[in-house]
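Reading through the C-alpha cells given below for one structure.
No lab work stands behind these numbers, since they all come straight from the coordinates. Given the structure is predicted, the values throughout are model-derived calculations rather than measurements. Note that we place each Cβ from the backbone using ideal geometry, even for glycine, and neighbour counts take in every protein chain shown.
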Amino acid sequence: MSAFAGIIAGLILYFLYRCLLSGFYTVQQNERAVITSFGRATRLEGHSTTELPIAEGLNDDERSRYAYPQLQIVGPGGPYLKLPWQKVHKVDVAIWTTSVAYDPEEPEANRGNTMLEAVTKDQLNIGITGQLRFKVSEHNVHAFLFGVKNPVAHVMGYFISILRERISNFEAKREVGGAAPAVAALTDVARVEGISINDLRKNLNDINQQMDQECQSSAARYGIVLDASLITGIDPPSDIESALAAINTAHNEVSAQVSLAQAEADQKIEQSKRAVEIQTMRTEAEVQPLLRLAEELEGLKKNGPTVLEAYLRSVRLALLTRAKRVIAEVRS
C-alpha cells in the first residue's frame, strides 16, 4: 500500500511540476509565440495567408501551392499558462543583417560567406559583396515554423538565384535624347564597349530596387520578409582587372571628347539662334515705319483723291525746301 501511495504522490508531484513550475512561459518584446496541442498549431479556422496583402505578388498556381493557415499568435508579455500536452514555439521577429553570400548550411561556401560569385551577360565571372536584411513575417509564422526544414537557408537560396539571374541578364538603359546621329553612335559605343560590369557598377541602385521588387513574395512563400538588399561591390577577376582599367580609361577619354564636341556644337547652334533673332528684330524695325506709312496713305486715299494729291504736294514742297539742287524736267 505504501508503494502505491508513493506512485500516486509521484504522479501528483510530476503533474504539479508540469502544470505549475514548467507550465508558465513568457514572450519577449522581439518574440512571437505559437502554441501547438499534440503537434497541431492553434489556427484561425477558415482563413489562409492567401487572403493577406503579402500574397498579392503570387499567381494562381503559387496561391494554391503556398496557401498556409493563419495561426493564433501570442504577443509579448506573460507569464502565460500552457497545458502539459501543449508546446510553445517562439520565433524572433527582429531584423537580421547578413552578407548576400551567407550560407547557413556551409560556412566555407562563397569564400567563407564573404563574396558571392556570378556571371555577367558577357560571360565575365564577378564577385558580389553586400548586405541583406530580413525578418520573420508575423503574418505567416506557419511557413517559417512548419513549411520547410531550414527556412533561412531556403530563402537565401531563393534570393541568390534571383540575384544571379538579374546579373546575367542586366542591361543598362541607353538614352541619348536630342543628339545628332553621329554623336549618338559615338556615345553609345563609348558607353557599352562590351563591358557589362561597368553598367552594373553604375546602376547598383537600380539593381537593389529590382531585387526588392522581385523578393516581395518571400513572406508569402517562406514566412521571411526580405526587408532590403544593399549590393555594395562588384569586382572583376584579378587577372583581367588591369585590362578592364585600361578599357575604362579609354572609354572615359572617348566620352570626354564626345561631350566636348557636343558642347561646342550646342554653343554654335545657340549663337546662330541669337544671330537669327537679332537680324529678325532689325528687319522688323525697318519694316514697321513703312507699314505705318502705308496705313496713313491708305487713310488719306479714302478721304478722296484731292487729299492724297495735297499730301503729296506738301511732301514735295518739304523736300524742295531741304534740297540744295533741283533737277527738273523741261516740258516742251
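Close amide H pairs (under 5 Å, H built 1.01 Å from N) link residue 224 with 137, 219, residues at least 5 positions away or on another chain. When peptides 218-231, 286-299, 113-126 are ranked by their average number of other Cβ atoms within 10 Å per residue, the highest-first order is 218-231, 113-126, 286-299. If the Kirkwood radius is taken over C-alpha pairs of segment 24-156, then at 4 °C and 1.567 mPa s the Stokes-Einstein diffusion coefficient equals 74 µm²/s. Expressed as a whole number of Å, what is the distance separating the alpha-carbon centroids of segment 82-130 and segment 202-217? Centre-to-centre distance over Cα atoms comes out at 17 Å.
Each residue of segment 40-54 was assigned a 3J(HN,Hα) from its phi angle through the Karplus expression (A = 6.51, B = -1.76, C = 1.60, θ = phi - 60°), giving 9, 6, 6, 10, 8, 4, x, 10, 10, 6, 5, 7, 8, x, 5 Hz with x at Gly and Pro. Computed with the Debye formula from one identical point scatterer per Cα of segment 55-98, without solvent, the log10 of I(q)/I(0) at q = 0.30 Å⁻¹ comes to -1.14. For segment 161-169, the Karplus equation 6.51 cos²θ - 1.76 cosθ + 1.60, evaluated at θ = phi - 60°, returns couplings of 5, 5, 4, 5, 5, 5, 5, 6, 10 Hz by residue, with Gly and Pro reported as x.
Can you list the lysines whose alpha carbon is less than 17 Å from that of residue 90, not counting same-chain residues fewer than 8 positions off? Here the lysines satisfying the reach criterion relative to residue 90 are 82, 135, 149. Proximity of backbone amide H atoms, modeled 1.01 Å from N, is registered between residue 43 and 72 at under 5 Å, excluding neighbours fewer than 5 places apart on the same chain.
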